[in-house]
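For reference, the structure discussed in these notes is given below.
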Amino acid sequence: MLQESRERTDAILEAWAARLEREFPGRQGEAMAYALRSPGKRVRPALVIAAYRACGGRSLAIAGIAAAVETVHTYSLVHDDLPCMDDDDLRRGRPTTHRQFDVPTATRVGFLLVPIAARVLVEASRSLGLSDTETGTLAAELFTAGGIVGMVGGQWLDLEAEGRTLELEELRAVHRGKTGALIEASCVLGALAARAPAPQRDAMRVFGQEVGLAFQVADDVLDATGTSEELGKTAGKDAAVAKSTYVQLLGVEGARAAAVRHADAAVNSLERSGVPSGTLAALARYIVTRRH
Ligand code: GRG
(Lines give C-alpha, C1' and ligand atoms only; values in the text may rest on other atoms or scores of the structure.)
Protein backbone atom coordinates (compact mmCIF):
# COMPACT_ATOMS: atom_id res chain seq x y z
CA MET A 1 0.00 0.00 0.00
CA LEU A 2 2.75 2.45 0.98
CA GLN A 3 4.64 1.71 -2.23
CA GLU A 4 1.60 2.05 -4.50
CA SER A 5 0.52 5.37 -2.95
CA ARG A 6 4.11 6.60 -2.96
CA GLU A 7 4.42 5.93 -6.70
CA ARG A 8 1.10 7.56 -7.55
CA THR A 9 1.78 10.61 -5.36
CA ASP A 10 5.37 10.96 -6.56
CA ALA A 11 4.20 11.03 -10.20
CA ILE A 12 1.99 14.03 -9.41
CA LEU A 13 4.65 15.78 -7.32
CA GLU A 14 7.15 15.25 -10.14
CA ALA A 15 4.74 16.82 -12.67
CA TRP A 16 4.33 19.83 -10.34
CA ALA A 17 8.09 20.09 -9.78
CA ALA A 18 8.69 20.21 -13.55
CA ARG A 19 5.86 22.76 -13.95
CA LEU A 20 7.30 25.01 -11.22
CA GLU A 21 10.74 24.90 -12.84
CA ARG A 22 9.08 26.27 -15.98
CA GLU A 23 6.96 28.86 -14.10
CA PHE A 24 9.85 30.10 -11.94
CA PRO A 25 12.95 29.82 -14.14
CA GLY A 26 16.22 29.94 -12.18
CA ARG A 27 17.20 29.20 -8.62
CA GLN A 28 13.78 29.70 -6.98
CA GLY A 29 12.03 27.20 -9.25
CA GLU A 30 14.92 24.74 -8.86
CA ALA A 31 14.70 24.98 -5.08
CA MET A 32 10.92 24.45 -5.05
CA ALA A 33 11.36 21.41 -7.27
CA TYR A 34 14.19 20.14 -5.03
CA ALA A 35 11.87 20.26 -2.01
CA LEU A 36 8.94 18.60 -3.82
CA ARG A 37 11.16 15.82 -5.19
CA SER A 38 12.68 14.97 -1.81
CA PRO A 39 12.06 11.30 -1.08
CA GLY A 40 9.87 11.06 2.03
CA LYS A 41 8.00 7.98 3.22
CA ARG A 42 4.69 9.46 1.98
CA VAL A 43 2.74 8.25 5.03
CA ARG A 44 0.19 11.07 4.79
CA PRO A 45 -0.57 10.32 1.11
CA ALA A 46 -1.00 6.62 2.00
CA LEU A 47 -3.53 7.64 4.69
CA VAL A 48 -5.47 9.88 2.26
CA ILE A 49 -5.70 7.11 -0.32
CA ALA A 50 -6.50 4.33 2.19
CA ALA A 51 -9.19 6.47 3.89
CA TYR A 52 -10.74 7.28 0.50
CA ARG A 53 -10.87 3.61 -0.48
CA ALA A 54 -12.16 2.50 2.93
CA CYS A 55 -15.06 4.94 2.41
CA GLY A 56 -15.82 3.47 -1.01
CA GLY A 57 -13.88 5.87 -3.29
CA ARG A 58 -12.53 4.32 -6.48
CA SER A 59 -10.91 7.07 -8.60
CA LEU A 60 -7.13 7.14 -9.07
CA ALA A 61 -7.35 10.96 -9.06
CA ILE A 62 -7.34 10.78 -5.24
CA ALA A 63 -3.53 10.73 -5.55
CA GLY A 64 -3.77 14.46 -6.37
CA ILE A 65 -5.35 15.16 -2.97
CA ALA A 66 -2.58 13.06 -1.41
CA ALA A 67 -0.02 15.21 -3.28
CA ALA A 68 -1.62 18.40 -1.93
CA VAL A 69 -1.22 17.12 1.66
CA GLU A 70 2.35 16.08 0.95
CA THR A 71 3.07 19.59 -0.40
CA VAL A 72 1.93 21.09 2.91
CA HIS A 73 4.08 18.57 4.81
CA THR A 74 7.06 19.34 2.53
CA TYR A 75 6.96 23.10 3.04
CA SER A 76 6.63 22.61 6.79
CA LEU A 77 9.83 20.53 6.76
CA VAL A 78 11.68 23.16 4.70
CA HIS A 79 10.85 25.79 7.35
CA ASP A 80 11.34 23.41 10.29
CA ASP A 81 14.94 22.79 9.17
CA LEU A 82 15.86 26.50 8.90
CA PRO A 83 18.53 27.89 11.26
CA CYS A 84 15.87 29.93 13.11
CA MET A 85 13.96 26.72 13.92
CA ASP A 86 15.57 23.25 14.19
CA ASP A 87 18.72 24.29 12.27
CA ASP A 88 19.30 21.00 10.51
CA ASP A 89 21.60 20.01 7.65
CA LEU A 90 20.09 16.64 6.76
CA ARG A 91 16.55 15.69 5.72
CA ARG A 92 15.41 12.52 3.99
CA GLY A 93 19.04 11.56 3.54
CA ARG A 94 19.85 14.74 1.57
CA PRO A 95 21.01 18.26 2.42
CA THR A 96 18.11 20.37 3.70
CA THR A 97 16.82 22.97 1.22
CA HIS A 98 18.70 25.86 2.86
CA ARG A 99 21.96 23.82 2.85
CA GLN A 100 21.52 22.89 -0.81
CA PHE A 101 20.57 26.48 -1.76
CA ASP A 102 20.64 29.20 0.92
CA VAL A 103 18.48 30.48 3.77
CA PRO A 104 16.61 33.24 1.86
CA THR A 105 15.82 30.83 -0.99
CA ALA A 106 14.57 28.09 1.39
CA THR A 107 12.50 30.63 3.34
CA ARG A 108 10.81 31.71 0.10
CA VAL A 109 10.30 28.05 -0.92
CA GLY A 110 8.34 27.46 2.29
CA PHE A 111 6.01 30.39 1.63
CA LEU A 112 5.72 29.90 -2.15
CA LEU A 113 4.62 26.29 -1.70
CA VAL A 114 1.60 27.33 0.41
CA PRO A 115 -0.47 28.54 -2.59
CA ILE A 116 0.99 25.73 -4.70
CA ALA A 117 -0.56 23.24 -2.25
CA ALA A 118 -3.90 24.99 -2.84
CA ARG A 119 -3.47 24.71 -6.62
CA VAL A 120 -2.59 21.01 -6.35
CA LEU A 121 -5.72 20.46 -4.23
CA VAL A 122 -8.08 22.35 -6.55
CA GLU A 123 -6.85 20.55 -9.68
CA ALA A 124 -7.15 17.17 -7.98
CA SER A 125 -10.61 17.98 -6.68
CA ARG A 126 -11.77 18.88 -10.20
CA SER A 127 -10.27 15.63 -11.56
CA LEU A 128 -12.31 13.78 -8.92
CA GLY A 129 -15.45 15.50 -10.19
CA LEU A 130 -16.10 17.29 -6.89
CA SER A 131 -18.19 20.47 -6.93
CA ASP A 132 -16.80 23.90 -6.01
CA THR A 133 -18.55 23.65 -2.64
CA GLU A 134 -17.00 20.25 -1.97
CA THR A 135 -13.61 21.60 -3.06
CA GLY A 136 -14.05 24.47 -0.59
CA THR A 137 -14.76 21.98 2.19
CA LEU A 138 -11.59 20.04 1.35
CA ALA A 139 -9.53 23.25 1.21
CA ALA A 140 -10.92 24.42 4.57
CA GLU A 141 -10.01 21.06 6.12
CA LEU A 142 -6.44 21.07 4.78
CA PHE A 143 -5.57 24.70 5.45
CA THR A 144 -7.22 24.81 8.87
CA ALA A 145 -5.06 21.82 9.80
CA GLY A 146 -2.03 23.64 8.37
CA GLY A 147 -2.76 26.84 10.31
CA ILE A 148 -2.77 28.29 13.79
CA VAL A 149 -5.17 25.72 15.27
CA GLY A 150 -3.04 22.94 13.78
CA MET A 151 0.46 22.65 12.41
CA VAL A 152 1.64 26.25 12.73
CA GLY A 153 0.12 26.56 16.22
CA GLY A 154 1.75 23.29 17.32
CA GLN A 155 5.12 24.41 15.99
CA TRP A 156 4.66 27.71 17.83
CA LEU A 157 3.93 25.91 21.12
CA ASP A 158 6.92 23.67 20.49
CA LEU A 159 9.24 26.66 20.03
CA GLU A 160 7.81 28.38 23.11
CA ALA A 161 8.38 25.23 25.16
CA GLU A 162 12.13 25.22 24.51
CA GLY A 163 14.07 25.14 27.76
CA ARG A 164 11.21 23.98 29.99
CA THR A 165 9.75 20.58 30.88
CA LEU A 166 6.15 20.11 29.74
CA GLU A 167 3.45 18.13 31.50
CA LEU A 168 2.14 15.19 29.46
CA GLU A 169 -1.09 17.03 28.59
CA GLU A 170 0.85 20.10 27.35
CA LEU A 171 3.11 17.87 25.28
CA ARG A 172 0.07 16.15 23.80
CA ALA A 173 -1.25 19.58 22.71
CA VAL A 174 2.06 20.28 20.91
CA HIS A 175 1.94 16.87 19.20
CA ARG A 176 -1.71 17.26 18.24
CA GLY A 177 -0.99 20.53 16.48
CA LYS A 178 2.49 20.08 15.07
CA THR A 179 2.04 16.58 13.68
CA GLY A 180 -1.44 15.30 14.47
CA ALA A 181 -3.50 17.94 12.68
CA LEU A 182 -2.15 17.18 9.20
CA ILE A 183 -2.43 13.42 9.74
CA GLU A 184 -6.02 13.86 10.95
CA ALA A 185 -6.77 16.02 7.90
CA SER A 186 -5.25 13.36 5.61
CA CYS A 187 -7.81 10.81 6.85
CA VAL A 188 -10.74 13.25 6.77
CA LEU A 189 -9.83 14.44 3.25
CA GLY A 190 -9.96 10.84 2.03
CA ALA A 191 -13.43 10.46 3.55
CA LEU A 192 -14.66 13.81 2.20
CA ALA A 193 -13.38 13.05 -1.31
CA ALA A 194 -15.30 9.75 -1.20
CA ARG A 195 -18.44 11.64 -0.09
CA ALA A 196 -18.61 9.47 3.02
CA PRO A 197 -21.62 10.00 5.31
CA ALA A 198 -21.07 11.96 8.54
CA PRO A 199 -20.67 8.92 10.88
CA GLN A 200 -17.86 7.54 8.68
CA ARG A 201 -16.20 10.97 8.45
CA ASP A 202 -16.35 11.29 12.24
CA ALA A 203 -14.85 7.82 12.73
CA MET A 204 -12.11 8.72 10.27
CA ARG A 205 -11.39 11.93 12.19
CA VAL A 206 -10.97 10.00 15.46
CA PHE A 207 -8.79 7.45 13.62
CA GLY A 208 -6.63 10.31 12.27
CA GLN A 209 -6.34 12.00 15.69
CA GLU A 210 -5.19 8.80 17.38
CA VAL A 211 -2.86 7.78 14.58
CA GLY A 212 -1.44 11.33 14.54
CA LEU A 213 -0.50 11.04 18.22
CA ALA A 214 0.86 7.53 17.66
CA PHE A 215 3.00 8.90 14.82
CA GLN A 216 4.63 11.68 16.86
CA VAL A 217 5.21 9.45 19.91
CA ALA A 218 6.90 6.90 17.60
CA ASP A 219 8.92 9.81 16.14
CA ASP A 220 10.11 10.71 19.67
CA VAL A 221 11.16 7.07 20.20
CA LEU A 222 13.02 6.97 16.86
CA ASP A 223 14.84 10.22 17.63
CA ALA A 224 16.09 8.64 20.87
CA THR A 225 16.90 5.18 19.52
CA GLY A 226 17.71 5.48 15.78
CA THR A 227 20.86 6.59 13.98
CA SER A 228 21.06 9.55 11.59
CA GLU A 229 21.76 7.07 8.79
CA GLU A 230 18.59 5.08 9.51
CA LEU A 231 16.44 8.19 9.94
CA GLY A 232 17.85 10.28 7.07
CA LYS A 233 17.88 13.22 9.51
CA THR A 234 19.97 14.11 12.55
CA ALA A 235 19.18 11.62 15.35
CA GLY A 236 19.27 12.44 19.06
CA LYS A 237 18.35 16.09 18.59
CA ASP A 238 15.58 16.10 21.21
CA ALA A 239 17.95 15.06 24.01
CA ALA A 240 20.68 17.38 22.70
CA VAL A 241 18.39 20.42 23.07
CA ALA A 242 16.65 19.00 26.19
CA LYS A 243 13.28 18.98 24.44
CA SER A 244 10.20 17.60 26.20
CA THR A 245 9.22 14.33 24.55
CA TYR A 246 7.31 11.19 25.43
CA VAL A 247 10.64 9.43 25.87
CA GLN A 248 11.81 12.04 28.36
CA LEU A 249 8.52 11.80 30.30
CA LEU A 250 7.79 8.04 30.05
CA GLY A 251 11.07 6.38 29.01
CA VAL A 252 11.55 4.48 25.73
CA GLU A 253 9.38 1.51 26.69
CA GLY A 254 6.65 3.71 28.19
CA ALA A 255 6.59 5.83 25.04
CA ARG A 256 6.47 2.73 22.79
CA ALA A 257 3.50 1.42 24.81
CA ALA A 258 1.73 4.81 24.53
CA ALA A 259 2.20 4.79 20.73
CA VAL A 260 0.66 1.30 20.51
CA ARG A 261 -2.28 2.39 22.72
CA HIS A 262 -3.01 5.30 20.36
CA ALA A 263 -2.75 3.05 17.29
CA ASP A 264 -5.17 0.55 18.89
CA ALA A 265 -7.62 3.36 19.75
CA ALA A 266 -7.42 4.50 16.12
CA VAL A 267 -8.37 1.09 14.76
CA ASN A 268 -11.15 0.67 17.37
CA SER A 269 -12.75 3.86 16.12
CA LEU A 270 -13.11 2.39 12.62
CA GLU A 271 -14.26 -1.00 13.85
CA ARG A 272 -16.97 0.57 16.04
CA SER A 273 -18.39 2.47 13.09
CA GLY A 274 -18.18 -0.38 10.59
CA VAL A 275 -15.61 1.27 8.26
CA PRO A 276 -13.47 -1.45 6.63
CA SER A 277 -10.25 -1.15 8.59
CA GLY A 278 -7.80 -3.58 6.92
CA THR A 279 -5.38 -1.25 5.11
CA LEU A 280 -5.75 1.59 7.61
CA ALA A 281 -5.05 -0.82 10.49
CA ALA A 282 -1.92 -2.02 8.65
CA LEU A 283 -0.81 1.61 8.26
CA ALA A 284 -1.46 2.28 11.97
CA ARG A 285 0.69 -0.76 12.85
CA TYR A 286 3.43 0.37 10.44
CA ILE A 287 3.42 3.85 12.02
CA VAL A 288 4.28 2.44 15.45
CA THR A 289 6.77 -0.22 14.30
CA ARG A 290 8.65 1.68 11.55
CA ARG A 291 12.41 2.06 11.72
CA HIS A 292 12.56 5.54 10.17
C1 GRG B 1 5.78 27.56 6.08
C2 GRG B 1 3.48 28.46 6.63
C3 GRG B 1 4.62 27.60 7.00
C4 GRG B 1 4.54 26.88 8.16
C5 GRG B 1 5.57 25.97 8.69
C6 GRG B 1 7.72 24.82 10.52
C7 GRG B 1 6.26 24.57 10.61
C8 GRG B 1 5.32 25.64 10.16
C9 GRG B 1 5.77 23.42 11.05
C10 GRG B 1 6.64 22.26 11.39
C11 GRG B 1 5.84 21.08 11.74
C12 GRG B 1 6.69 19.84 11.86
C13 GRG B 1 8.05 19.79 11.27
C14 GRG B 1 6.22 18.79 12.46
C15 GRG B 1 6.97 17.51 12.58
C16 GRG B 1 6.29 16.50 11.75
C17 GRG B 1 7.07 15.24 11.58
C18 GRG B 1 6.93 14.18 12.61
C19 GRG B 1 7.85 15.09 10.52
C20 GRG B 1 8.45 13.84 10.09
O21 GRG B 1 7.47 13.20 9.26
P22 GRG B 1 7.81 11.89 8.45
O23 GRG B 1 8.49 10.90 9.35
O24 GRG B 1 8.89 12.42 7.42
O25 GRG B 1 6.58 11.45 7.75
P26 GRG B 1 9.12 12.05 5.89
O27 GRG B 1 10.47 12.64 5.59
O28 GRG B 1 9.09 10.57 5.74
O29 GRG B 1 8.03 12.72 5.13
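Mind listing which trypsin sites (Lys or Arg not before Pro) in region 227-292 are in a DSSP loop and have 10 or fewer other Cβ atoms within 10 Å?
ARG291
What nm value, rounded to one decimal, do you get for the distance between ARG126 and PHE111 when each label is placed 7 Å out toward the C-beta?
Distance between the two pseudo-spin positions: 2.7 nm.
Which of the DSSP-defined H helices in the chain satisfy a minimum axial length of 24 Å, computed from C-alpha atoms, and a minimum mean Kyte-Doolittle hydropathy of 0.5?
Length and hydropathy pass: 62-80, 103-127.
At q = 0.19, 0.23 Å⁻¹, what is the base-10 log of I(q)/I(0) for region 109-230 according to the Debye formula with one equal point scatterer per Cα and no solvent? Please give it to two decimals.
Rounded to two decimals, the profile gives -1.08, -1.29.
Under unit Cβ charges (Lys, Arg +1; Asp, Glu -1), what dipole magnitude, rounded to 20 debye, does the chain have relative to its Cα centre?
Values: 34 positive and 37 negative charges, 167 e Å.
Its charge dipole is roughly 800 debye.
Round to a whole number: what % of the accessible area of the chain belongs to carbon and sulfur, probe 1.4 Å? List each step's numbers first, then the result.
Numbers: 6720 of 12420 Å².
That share works out to 54 percent.
Per the helix-only calculation at 222 nm, which mean residue ellipticity applies to the chain, given -39500 (n - 2.57) for every DSSP H run of n ≥ 4 and division by its residues, nearest 500 deg cm²/dmol?
Value at 222 nm, helices only, nearest 500: -23500 deg cm²/dmol.
Which whole-percent values make up P(r) of the chain when all C-alpha to C-alpha distances are grouped in 5 Å steps starting at zero?
1, 6, 13, 17, 19, 18, 13, 8, 4, 1, 0
Determine the per residue accessible area of region 61-111 with all protein chains present and a 1.4 angstrom probe, expressed in square angstrom.
On the way: 1770 Å² over 51 residues.
With the other protein chains kept in place, region 61-111 gives 35 Å² per residue.
When averaged across all projection directions, what area in nm² does the alpha-carbon convex hull of region 19-86 cover?
Taking the Cα atoms of region 19-86, their convex hull projects to 5.6 nm² on average.
The values are calculated or read from the model by the stated rules, or taken from the named source; none is laboratory data. In this text, all values refer to a predicted model and were calculated from it rather than measured experimentally. Glycine also receives a Cβ, built like all others from the backbone with ideal geometry; neighbour counts cover every protein chain displayed. With ligands, DNA and RNA removed, areas are computed over all heavy atoms of the protein, side chains included. Shrake-Rupley method; radii C 1.70, N 1.55, O 1.52, S 1.80 Å.
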